[in-house]
Amino acid sequence: KIADLIKEVREVKKKSDSLSAMIKELKEKRDLQNAEVKKFIDEIKEINKKKEKNSSETKNPLPIKKRIDHLSTRIETGAVSFEDEKKIMKELKQLKKELELAKNASAIGKEAGEVSRKIDHAKKIAEEFHAQMSNAAKENREAYKEFTRLSKEINRVKKEQEDAFEKFITFKQNFSELNK
């Protein structure tokens with residue numbers, strides 16, 4: 001009976017060891033994903049700084065583009081004095097600069113969205129690793145409980161065996177005495 005229990009303990013121990021190795025591997029993978037998330041968060045912080053810096057200067061590109069088109073059409077089709085044309089050209093130049101800033105801000109916004117999606121994806125993967133790790137840890141706890149239960153059973157059977165052996169010795173001595 002003890003040999004059978006020891007065999008079971010070895011099997012449980014082997015399972016527990018493999019679960020521990022799996023937990024360690026999953027923990028490393030999760031930590032790598034969390035490091036990647038942190039890297040992406042740092043990246044998005046930099047992008048947000050750029051966005052804040054540009055946001056004070058940028059405007060909506062659609063009205064700017066409409067204004068540029070309107071002024072260009074006015075110069076091309078209308079009879080404009082030389083002084084007015086100079087003012088319009090100066091305004092066009094300024095509007096084109098503003099339009100470029102607005103396009104840059106839009107590109108920064110798209111970049112921030114892309115990094116945000118990367119963060120979400122990396123977090124999702126890290127959470128999956130964590131869930132797998134939690135399940136393996138739960139299984140490992142169950143294996144440990146079984147290990148403990150079997151160890152107690154082995155100790156109980158050993159105690160029972162020792163008691164039986166002591167009774168055997170006592171009965172043998174009594175038999176020897178009676179036999180003499």
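The values are calculated or read from the model by the stated rules, or taken from the named source; none is laboratory data. Note that the coordinates shown come from a computational prediction; the quantities given were computed from them, not determined experimentally. Cβ sites come from the backbone with ideal geometry, for glycine too, and all protein chains shown count toward neighbours. For the accessible areas, the whole protein counts, side chains as well, though only heavy atoms, and no ligand, DNA or RNA atoms are used. Shrake-Rupley method; radii C 1.70, N 1.55, O 1.52, S 1.80 Å.
Within the option set Ile44, Ile68, Ile75, being open to solvent by less than 70 Å² (accessible area, probe 1.4 Å) and within 39 Å of the chain's Cα centre (by Cα) holds for one residue only, Ile44.
Each row is one residue, and each column tells you yes or no for (1) closer than 14 Å to Glu28 by Cα; (2) open to solvent by 60 Å² or more (accessible area, probe 1.4 Å); (3) assigned to a helix (DSSP H, G or I); (4) modelled with pLDDT under 90.
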| position | (1), (2), (3), (4) |
| --- | --- |
| His121 | no, yes, yes, no |
| Lys124 | no, yes, yes, no |
| Ala131 | yes, no, yes, no |
| Lys138 | no, yes, yes, no |
| Glu142 | no, yes, yes, no |
| Thr148 | no, no, yes, no |
| Ser151 | no, no, yes, no |
| Asn155 | no, yes, yes, no |
| Lys159 | no, yes, yes, no |
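Within segment 60-71, one or more residues are part of a helix (DSSP H, G or I), modelled with pLDDT under 80 and of a type outside the set (A, V, I, L, M, F, W, C). When the test is whether a residue is surrounded by fewer than 10 Cβ atoms within 10 Å (Cβ to Cβ), modelled with pLDDT under 80 and under 42 Å from the mean Cα position of the chain (by Cα), Ser56 passes it. Residues that are surrounded by 14 or more Cβ atoms within 10 Å (Cβ to Cβ) and modelled with pLDDT of 85 or more within segment 92-110 comprise Leu92, Leu95, listed in sequence order.
Among the numbered conditions (1) among the aliphatic types (A, V, I, L, M); (2) more than 17 Å from Arg10 (Cβ to Cβ); (3) touching a residue at least 24 places away in the same chain (Cβ under 8 Å), the only one that Ile154 does not meet is (2).
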